[in-house]
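Trainee: One structure, pasted below without further comment.
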Amino acid sequence: MARKNFPLSYLLFNLLLITGMALTISAANTAEEETIQLTQGVGIDRVGRSGRSAIRTDPVEYQIVTGTWVAPKEGDVLITGATDEPTWQKTEADEDGWFQGPGRRRGYISVNVHSDSDRMMLLNGSGHSMVYVNQVPRMGDVYGYGYSFLPVRLNQGDNEFLFQCSRGRLKASLVTPSNILQLNDRDMTLPDLVVGEDVDVWGGIIVIQPMRKQMRGLFIRASLEQGGSTLTPAPPIQPMSAAKVPFRIISDAPVQPGKQKLQIELLMESDNGLSRRDFKELTLDIREPTQSRKRTFISDIDGSVQYYAVQPANRLPGGWRDPALVLSLHGASVEAINQANAYSSKTWAHIVAPTNRRPYGFDWEEWGRMDALEVLGIAKQTLHTDPARTYLTGHSMGGHGTWQVGVHFPDQFAAIAPSAGWISFFSYVGRGSREPETEIGKLIQRSSNASDTLAMKHNYAQEGVYILHGGADDNVPASQAQTMVEELSGFHRDFVYHEEPGQGHWWNLSDENGADCVDWAPMFDFFARHALPSSEQVRRASFTTVNPGVSAKNHWATIFAQEKMLEPSAIDIQFDPYKRRFVGETKNVSRLSLDVSVLPPNGALMVSLDQQEIADIRWPWSETVNLEKQEGEWSVVDKFSKADKGPHRYGPFKQAFRNRMVFVYGTRGSSGQSQWAFNKARYDAEQFWYRGNASVPVIADNEFDPADYPDRNVVLYGNANSNLAWKKLLADCPVQVNNGSVTIGAREIQGSDLACLFMYPRQDSKLASVAVVSGSGLVGMKLTDRCPYFTSGVGYPDVTVLTPGYLKDGAEGIVAAGFFGMDWGVESGEFVFQDD
């Protein structure tokens, strides 16, 4: 244990920490900085059933949720009174601090920390999925990034740290905070500067706030060594939390490559103006215009600072006027800038590498997919690329991302090229091996159908496809590529498969710059021979989607709604410009829009769908013809209501976690409910920061005014009795959660231990949604704590109601689940109840 004397400022800091707390801290504790390495505990392996599924079991979590948990001792059985149950066993850390015994493999490690007084510490852990600190959930560091420093409270006496582990490693320590507010520079998001470009860029840094009250009046001042100082207001930081805070950097253009120092100051308003609370000195790289660089931007997903990397085209005099764009998706654990640097510079194409929100991130699904599309749009605009020459590629996890993004958006890419890519979670991690047996289980699995690559495979016919794989790949076996060759062979007429004999997962054969497993010359030749047609050049739209809220548009056709939610919906429509007609077939489509701007604005128009000629089509005042199918008959409608489901707001539950959402926790429940709401909102913000480099505001309901957040999504924590924002946003919602019951339409489910997740339109917005993390009592609320909705590939429908039995028996503990109808109604939707 390292100890040293600490200055008077630390004594004042401790006094501030305990403001409002009825306790006494001894002089010995206030005069020392302390590091406590966690080295001994008890562990247990292989607890419950999890994986990439909303249906799971966990007997440890069950006991915590139901209030029966007791910190285990060596020799205790996992479930009291059970026979042949595994027991908790002693586990210890090695000399480097890594635990070596039981608990590391899909299990738990429980460590007791004794404190002589109540005090605040920072928990730094690595290798765990999450941790309960005295049964309060906090973020883990499953990938071992090493930047997790979370303020935690040690109570006087014994304190339990219960780590959930999955990847075989755990290391953890507690350290004394160095200040009332401090900066953590281990997880910076920073741009590169470019010679000759004026500096107006964004960065992101973590602010650690160990106080027991909200901190306001904060600012970040960024000052460059060669001039330029910018002050950016920071959002309020919630008690005992860490938050990624954006800041702006403005300065004159650098004149030569190299490095430039950047000073970051954390400032706080006081009676005497702004006072400094912490500072860090960093270094920014200055790159030549011809060199690779990192670019930052403010994301529309959550308002956070993200970055992407560019390997710019070094264009020849007299070359193409507008260069091509190659969007390259990185593999697991790879940084975007390293992905860009794996390519040699091209004369005719920019290489652009988005981040997937993190090196592991979201497997290029969900928020990773959103990140790829967001970066694609920014890059097209800022790099002024040729819209007909956009290509998609990626390696390993990025190869999977190529299959995924390419299948959802086939009209965005002239050609795609997955390298060492796996097909889907169903093929690569075995999720498809556990088919749900209950109707509720089947409905919930539909919520993750967007992950089912092969369900939409015919979309690839619109793109050239080059498949690259090492024949001796022991990470992603070549059988994944071979399966895709078999799937494509039945309908695709423009694909190439190259399997390099004897090569593994990452390989390079030539002496040119760039790694051949990504920068493969024949693959780029394939790109160069492909161009993306404009919509007016496309005569046939053959397209499948499983969720219009994910992908709806294909050239001049847009699927607005389905007959059966989240089942594959398909169109195959021929456009004959001379005859001025659209003729085709649909499957599982109830609303369809045709963009008729591809026709000259005069003359008649004929549409025939599903062998039905649609009469009385007049030339529209707008550029679209909107078609609706009811009781098997198509008809023309003026427009689709924004109040209904559509590509702008469709569901299911996880789709609400975007559109610059804010987390609003309830303060009007019992003390236990209010504390849970804050803990859960903070935990979700931590989880999304960790997994998605996110910055989500966390706000108390009594400080939330919907007018301050127009057209932004809102996530509510609590129920109609405990969250003041409920009546402002959900008064007319057909799903109501109160203490003691959950009501879905005309059906009331009684009980104080029910958990409920659902999403619904925000009534004061034509765009925004409300997501609800709720319960009919404290037990039900705690049951939502670890629902894995930030894990890619895990789906929840529009509405899900759970009982604690869910953690014991899986799908049998889910009492209701369903999708709202097109009008966001229950009666018009599809719901399954366990007691039916």
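The values are calculated or read from the model by the stated rules, or taken from the named source; none is laboratory data. Every value quoted in this text rests on a predicted model; they were computed, and no experiment measured them. Please note: Cβ atoms are built from the backbone with ideal geometry, for glycine as well, and neighbour counts cover all protein chains shown. Accessible surface is based on the protein model in full, side chains and every heavy atom, while ligands, DNA and RNA are left aside. Shrake-Rupley method; radii C 1.70, N 1.55, O 1.52, S 1.80 Å.
Trainee: Give all pairs with beta carbons closer than 8 Å in which a residue from segment 715-744 that is charged (D, E, K, R) meets a residue that is modelled with pLDDT under 95 and not in a strand (DSSP E or B); count only pairs at least 6 apart in sequence or on separate chains.
Mentor: Asp732/Gln763
Trainee: Residues of segment 763-779 being within 19 Å of Tyr789 (Cβ to Cβ) and either free of Cβ contacts under 8 Å to residues at least 12 places away in the same chain or assigned to a loop (DSSP other than H, G, I, E, B) (or both), which ones?
Mentor: Ala768
Trainee: Return only the number of the condition from (1) within 22 Å of Arg357 (Cβ to Cβ); (2) at pLDDT 95 or above; (3) surrounded by fewer than 18 Cβ atoms within 10 Å (Cβ to Cβ) that Gly146 does not satisfy.
Mentor: Looking at each condition in turn, Gly146 falls short on (2).
Trainee: Also, I was wondering about something else. Could we say that Ile444 is buried (at least 24 other Cβ atoms within 10 Å of the Cβ) and either within 30 Å of Ala817 (Cα to Cα) or among the small types (Gly, Ala, Ser) (or both) here?
Mentor: Considered against the rule, which asks whether it is buried (at least 24 other Cβ atoms within 10 Å of the Cβ) and either within 30 Å of Ala817 (Cα to Cα) or among the small types (Gly, Ala, Ser) (or both), Ile444 comes out as yes.
Trainee: Something else about it: Taking Gln260 and the conditions (1) surrounded by fewer than 17 Cβ atoms within 10 Å (Cβ to Cβ); (2) more than 32 Å from the chain's Cα centre (by Cα), which numbered condition does it fall short on, given that it satisfies the others?
Mentor: So Gln260 meets the others, but not (1).
Trainee: To continue, here is another question. Conditions first: (1) more than 30 Å from Ile423 (Cα to Cα); (2) assigned to a strand (DSSP E or B); (3) open to solvent by less than 10 Å² (accessible area, probe 1.4 Å). Phe758 passes all but one, so which condition is the exception?
Mentor: Here Phe758 meets the rest and fails (1).
Trainee: Could you check Ala570 against (1) modelled with pLDDT under 95; (2) touching a His at 6+ places or on another chain (Cβ under 9 Å) and say which number it fails?
Mentor: It fails just one condition, (1).
Trainee: I've got another one for you. Take the residues in segment 115-135 that are aliphatic (A, V, I, L, M) and within 15 Å of Leu174 (Cβ to Cβ); name whichever of them is surrounded by the most Cβ atoms within 10 Å (Cβ to Cβ).
Mentor: Ranking the qualifying residues of segment 115-135, first place goes to Val131.
Trainee: Can you say whether Gly793 is of a type outside the set (Phe, Trp, Tyr), open to solvent by less than 10 Å² (accessible area, probe 1.4 Å), closer than 13 Å to Met565 by Cα and in a loop (DSSP other than H, G, I, E, B), as far as the supplied structure shows?
Mentor: Considered against the rule, which asks whether it is of a type outside the set (Phe, Trp, Tyr), open to solvent by less than 10 Å² (accessible area, probe 1.4 Å), closer than 13 Å to Met565 by Cα and in a loop (DSSP other than H, G, I, E, B), Gly793 comes out as no.
Trainee: Being of a type outside the set (Gly, Ala, Ser), closer than 30 Å to Val698 by Cα and in a loop (DSSP other than H, G, I, E, B) is the filter here, so list the residues in segment 285-333 that pass it.
Mentor: Asp300, Ile301, Asp302
Trainee: Answer yes or no: is there a residue in segment 680-687 that is assigned to a loop (DSSP other than H, G, I, E, B), out of contact with any Gly (no Cβ under 8 Å at 6 or more places or on another chain) and open to solvent by 10 Å² or more (accessible area, probe 1.4 Å).
Mentor: No, because not a single residue in segment 680-687 is assigned to a loop (DSSP other than H, G, I, E, B), out of contact with any Gly (no Cβ under 8 Å at 6 or more places or on another chain) and open to solvent by 10 Å² or more (accessible area, probe 1.4 Å).
Trainee: Have a look at Leu11, Leu78, Leu15 and point out the one that is of a type outside the set (Gly, Ala, Ser), at pLDDT below 95, touching a helix residue (DSSP H, G or I) at 6+ places or on another chain (Cβ under 9 Å) and crowded, with 18+ Cβ neighbours inside 10 Å.
Mentor: Leu78
Trainee: I've got another one for you. Could you pull out the residue among Asp185, Asp158 that is open to solvent by 10 Å² or more (accessible area, probe 1.4 Å), more than 25 Å from Val60 (Cβ to Cβ) and either assigned to a strand (DSSP E or B) or in contact with a strand residue (DSSP E or B) (Cβ under 9 Å, 6 or more places away or on another chain) (or both)?
Mentor: Sole residue among the options that is open to solvent by 10 Å² or more (accessible area, probe 1.4 Å), more than 25 Å from Val60 (Cβ to Cβ) and either assigned to a strand (DSSP E or B) or in contact with a strand residue (DSSP E or B) (Cβ under 9 Å, 6 or more places away or on another chain) (or both): Asp185.
Trainee: Hey, another quick one. Would you pick out the residues in segment 521-540 that are touching a Gly at 6+ places or on another chain (Cβ under 9 Å) and part of a loop (DSSP other than H, G, I, E, B)?
Mentor: Within segment 521-540, Arg529, His530 qualify.
Trainee: While we're on this one: Which ones in segment 813-836 are open to solvent by 40 Å² or more (accessible area, probe 1.4 Å) and either of a type in the set (A, V, I, L, M) or not in a strand (DSSP E or B) (or both)?
Mentor: Asp823, Glu827, Ser828, Gln834, Asp835, Asp836 - these are the residues of segment 813-836 that are open to solvent by 40 Å² or more (accessible area, probe 1.4 Å) and either of a type in the set (A, V, I, L, M) or not in a strand (DSSP E or B) (or both).
Trainee: Continuing with this model, one more query. For segment 634-647, what are the residues that are surrounded by fewer than 11 Cβ atoms within 10 Å (Cβ to Cβ) and modelled with pLDDT of 95 or more?
Mentor: none
Trainee: So which of Thr385, Thr438 ends up being open to solvent by 10 Å² or more (accessible area, probe 1.4 Å), touching a helix residue (DSSP H, G or I) at 6+ places or on another chain (Cβ under 6 Å) and in contact (Cβ under 8 Å) with a residue 60 or more places away in the chain?
Mentor: Thr438
Trainee: Restricting to segment 509-553, name every residue that is among the β-branched types (Val, Ile, Thr) and surrounded by fewer than 19 Cβ atoms within 10 Å (Cβ to Cβ).
Mentor: The one that is among the β-branched types (Val, Ile, Thr) and surrounded by fewer than 19 Cβ atoms within 10 Å (Cβ to Cβ): Val538.
Trainee: Still on this structure: When you check Val735 against the structure, is it within 21 Å of Ala681 (Cβ to Cβ) and touching a Leu at 6+ places or on another chain (Cβ under 6 Å), yes or no?
Mentor: No, not satisfied.
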